[in-house]
Amino acid sequence: MMKYKGYTGHVEYDDEARIFHGEVLGIKDIITFQGTTVDEIETAFKESVEDYLAFCKERGEEPDRPFSGRFNLRISPELHAKLSIAAHAQGLSLNTYVNNALRRTIR
C-alpha cells in the first residue's frame, strides 16, 4: 500500500507483462497507474492522484475523498437493541461503543 495526499494506492505485480499496476482504493472514481520499477510505480501513483485532482478542479467538481469515516451498516433489530443496551450500560453512545468494538478486532 502507498499513501499520498490521503489517498491509498494498492499495487500488484503482473509477472507475464512484467509490470506493476495499481489503483486508488476507497473512492468511487477510478484512478489507475503502472510502472516497471518501484520508483516508477511510486511516481505514477503520485502523478495519477495529481492528475485526478487537477481534472476535478478543471471541471469544477469536488474530488472523491477517501474514507470519510461514515458508513451505513445494516444489522438486525435484535442486534441493534443489544448493542444499544450494552452501550448505555457502559455510559457510551452507540457510535462510540461500536467504534471501540471494531478497533479491538483489527489490532
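The values are calculated or read from the model by the stated rules, or taken from the named source; none is laboratory data. Predicted model, so just to flag it, every value in this text is computed and none were measured. Here the Cβ is made from the backbone with ideal geometry for all residues, glycine too, and neighbour counts use every protein chain on show.
Name the pairs whose Cβ atoms lie under 9 Å apart, with the first residue in region 26-40 and of a type in the set (A, V, I, L, M), the second assigned to a helix (DSSP H, G or I) and surrounded by 11 or more Cβ atoms within 10 Å (Cβ to Cβ), and 6 or more positions between them or separate chains?
What qualifies is Ile27/Tyr52; Ile31/Phe45; Ile31/Ser48; Ile31/Val49; Ile31/Asp51; Ile31/Tyr52.
If you scan region 81-94, which residues turn out to be surrounded by 10 or more Cβ atoms within 10 Å (Cβ to Cβ) and among the hydrophobic types (A, V, I, L, M, F, W, C)?
Ala81, Leu83, Ile85, Ala86, Ala87, Leu92, Leu94
This table checks each residue for (1) closer than 30 Å to Phe20 by Cβ; (2) at pLDDT 95 or above; (3) assigned by TED's automatic domain parsing to the domain that holds Ile19; (4) surrounded by 12 or more Cβ atoms within 10 Å (Cβ to Cβ).
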position: Val49; (1), (2), (3), (4): yes, yes, yes, yes
position: Ala54; (1), (2), (3), (4): yes, yes, yes, no
position: Leu79; (1), (2), (3), (4): no, yes, no, no
position: Asn99; (1), (2), (3), (4): no, no, no, yes
position: Ile106; (1), (2), (3), (4): yes, no, no, no
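Residues that are surrounded by fewer than 12 Cβ atoms within 10 Å (Cβ to Cβ), acidic (Asp, Glu) and at pLDDT below 95: does region 62-71 have at least one?
Yes, region 62-71 contains a residue that is surrounded by fewer than 12 Cβ atoms within 10 Å (Cβ to Cβ), acidic (Asp, Glu) and at pLDDT below 95.
State the number of residues belonging to region 15-34 that are on the phi > 0 side of the Ramachandran plot and surrounded by 13 or more Cβ atoms within 10 Å (Cβ to Cβ).
1
Can you run down the residue pairs with Cβ atoms below 8 Å, 6 or more apart or on separate chains, where the first is in region 83-107 and more than 18 Å from Gly69 (Cβ to Cβ) and the partner is hydrophobic (A, V, I, L, M, F, W, C)?
Qualifying pairs under 8 Å: Leu83/Ile75; Leu83/Leu94; Leu83/Val98; Ser84/Leu94; Ala87/Leu94; Ala87/Val98.
Just to check your reading of the model, which residue among Ile41, Ile31 is of a type in the set (Val, Ile, Thr) and touching a helix residue (DSSP H, G or I) at 6+ places or on another chain (Cβ under 6 Å)?
Details: Ile41 fails: touching a helix residue (DSSP H, G or I) at 6+ places or on another chain (Cβ under 6 Å).
Exactly one residue qualifies, and that residue is Ile31.
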